[in-house]
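*Asks:* Let me begin by handing over the structure; questions about it come next.
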Amino acid sequence: MKKANLLKLGLATVLATSAGIASADTADGQAAANLVAPLTVTEDGTQTMDFGTMAPAKLGGGETRVRLSAAATTTRNLVSGNGSLMGGTPASGKFNITGATGYAVDISVADGAADLSNGVGTLIFEAPTVSAATHTIAGVAATDVVYVGGDLRIPENADTSAAYTSATAYVVTVTYQ
């Protein structure tokens, strides 16, 4: 009798376990996505970065450092050295941003990519700054702008035989937050 009861108990366990394994259910899930306009950033041809006209320090006068502000109304300052600021029309670089209205973006500029050359000498562009590190897209062209400034290092007795231009572009990066 004990054997029969054990056999029945074993059979009940197998049947209960098999019933649990055979029982299953499924459900369908839904997915969604919301796409927004991709970001674009372009240099505004009406206001490209320009350090203006300067005179380097003579031999023995040391390096000259000039700073442009990152603002709609540009200021140019002699930060160090014995060079001279002589005029011209200094201007911060101006960039237009387009994207999804109401979304915030981060703005940065890479350092060290836009040294200036005249084919004989080199001026070092460094410590770039942006007018705003974050911005919320308004969808209005006049307000969705960023300005770039930075420092220009001019070696003493720098070559003055021709104008200097950037051999490579500096890069402004705008990303959604």
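The values are calculated or read from the model by the stated rules, or taken from the named source; none is laboratory data. These figures come from a predicted structure and were not determined experimentally. Here the Cβ positions follow ideal geometry from the backbone for every residue, glycine too, while neighbour counts run over all protein chains shown.
*Asks:* So, in region 126-177, exactly how many residues are surrounded by 13 or more Cβ atoms within 10 Å (Cβ to Cβ) and of a type in the set (S, T, N, Q)?
*Replies:* 7
*Asks:* Just name the residue that is farthest from THR122 (Cα to Cα) out of those in region 159-174 that are touching an Asp or Glu at 6+ places or on another chain (Cβ under 9 Å) and of a type in the set (A, V, I, L, M).
*Replies:* VAL174
*Asks:* Let me ask something else about it. From THR175, THR143, grab the single residue that is at pLDDT 95 or above, under 27 Å from ALA37 (Cα atoms) and of a type in the set (S, T, N, Q).
*Replies:* Among THR175, THR143, only THR175 is at pLDDT 95 or above, under 27 Å from ALA37 (Cα atoms) and of a type in the set (S, T, N, Q).
*Asks:* So, one more: Out of the residues in region 50-70 meeting the condition of being in a loop (DSSP other than H, G, I, E, B), modelled with pLDDT under 95 and of a type in the set (A, V, I, L, M), tell me which one is surrounded by the fewest Cβ atoms within 10 Å (Cβ to Cβ).
*Replies:* Within region 50-70, the match that is surrounded by the fewest Cβ atoms within 10 Å (Cβ to Cβ) is LEU59.
*Asks:* Here's something else I'd like to know. When you go through THR75, THR101 one by one, which is the residue that is within 15 Å of GLY52 (Cα to Cα), out of contact with any strand residue (DSSP E or B) (no Cβ under 6 Å at 6 or more places or on another chain) and surrounded by fewer than 17 Cβ atoms within 10 Å (Cβ to Cβ)?
*Replies:* On inspection, the qualifying residue turns out to be THR75.
*Asks:* If a residue must be closer than 20 Å to ASP50 by Cα and either surrounded by fewer than 14 Cβ atoms within 10 Å (Cβ to Cβ) or among the hydrophobic types (A, V, I, L, M, F, W, C) (or both), how many such residues does region 85-98 contain?
*Replies:* Of the residues in that region, 7 qualify.
*Asks:* Check whether at least one residue in region 99-114 is under 17 Å from VAL66 (Cα atoms) and in a strand (DSSP E or B), and report yes or no.
*Replies:* no
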